[in-house]
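Quick notes on the structure that follows.
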Amino acid sequence: MSTNATTKKKYELTEETRVMPTGETVYRIKALRDFDTIYKPVQAGDLGGWVQSEKNLSHEGKCWLFDEATGYQDSHRSGDSVGYCNSRQFGYSRQYDNSQQFGSSVQSGSSQQYGNSYQFGWSRQFGSSQQYDNSRQYGDSRQYGYSRQYGDSLQYGDSQQFGNSQQYENSQQYDVSRQYGKSQQSGNSRQYDNSIQYDNSQQFGNSRQYDISRQYGDSRQYGESQQSGNSRQYGNSRQYDKSWQYDNSEQFGNSWQYDNSQQYGYSRQNGNSEQFGDSRQYDNSWQYGYSRQYGNSQQFGNSRQFGKSQQFGDSEQFGHSCQYD
């Protein structure tokens, strides 16, 4: 190898080796020149992390592997990206820009991490997933498929993101919550506990989804609304403002729930119905058609409200009563 070629390199492979669990031999790297990284400076002669070959770590830019961080198989790190602690990068994965990977985190498959994103803890990134901008992935969280995490979003705990789902802006996903399909979580929204979001559903604003609630279909949850308990929101339904859906209630069809209204028990809201104001719907009651429930009204028992009927003021509808047209 010529001297000119050697001076262009920023590291060399040493004779110190170890074998990865999947059988690859990796080599400790040693810096050939001084340079700064976004993590800390590197001086000529410093020992770095591990690579299987020089294709795993670019000689250009300020990218580097510190500590026991490892790059192997067909993975590639470039730009100013750094890996440290016990992090691992393998498969066809890519790390670039100012991304940082540390802790015991793993990046594999054809996944990409870039921008100013951080991956740490015991988190895992698989498939063709992407993490970028100022997003953070940590804890035991998992990102699969073609999912995207970006903006200033946080994914942590044991949460998992699948399919073509997207998490962005200042949203947070944590605990053992799941996000699937083409669902989107954005704004300052929070998804946690054992809640699940899937299909084309969207959660945004300051909304909260938690407990074992489910949001799916083309439904939307936003404002400061809350969905909890074993509740279900689906179809083209909308939940917003400070409304709350909980217990075993279901909201579906083209129905809307807003203001300070609450839906709970085993109640059902569907069709083109609307529930708003400070109204309450609970027990086994049903609201559907083009009906409206508002004010301080309450609907409960096994009652039914449908057609173009309206319930408002301080009225109560209960028992097996029906209100319609």
Is there a residue in the stretch 272-285 that is closer than 30 Å to SER165 by Cα, polar (S, T, N, Q), outside the structural domain of GLN179 (by TED's automatic domain parsing) and not in a strand (DSSP E or B)?
-> yes
Residues satisfying the stated conditions in the stretch 51-107, i.e. among the β-branched types (Val, Ile, Thr) and either within 15 Å of SER123 (Cα to Cα) or not in a strand (DSSP E or B) (or both) = VAL106
Residue pairs meeting the criteria (Cβ under 9 Å; at least 6 apart or on separate chains; first in the same structural domain as VAL82 (by TED's automatic domain parsing), in the stretch 48-60; second assigned to a helix (DSSP H, G or I) and surrounded by fewer than 20 Cβ atoms within 10 Å (Cβ to Cβ)) = HIS59/LYS8
Among the candidates GLN155, GLN125, residue that is buried (at least 23 other Cβ atoms within 10 Å of the Cβ) and farther than 21 Å from SER189 by Cβ | GLN125
Any chance GLN95 is touching a strand residue (DSSP E or B) at 6+ places or on another chain (Cβ under 8 Å), surrounded by 18 or more Cβ atoms within 10 Å (Cβ to Cβ) and not assigned by TED's automatic domain parsing to the domain that holds LYS40 | no
Across the stretch 273-304, what is the number of residues that are over 14 Å from GLN323 (Cβ atoms) and touching a Lys or Arg at 6+ places or on another chain (Cβ under 9 Å)?
-> 4
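The values are calculated or read from the model by the stated rules, or taken from the named source; none is laboratory data. Keep in mind that what you see is a predicted model, and the values were worked out from it rather than measured. All Cβ positions, glycine included, derive from the backbone under ideal geometry; neighbour counts span all protein chains shown.
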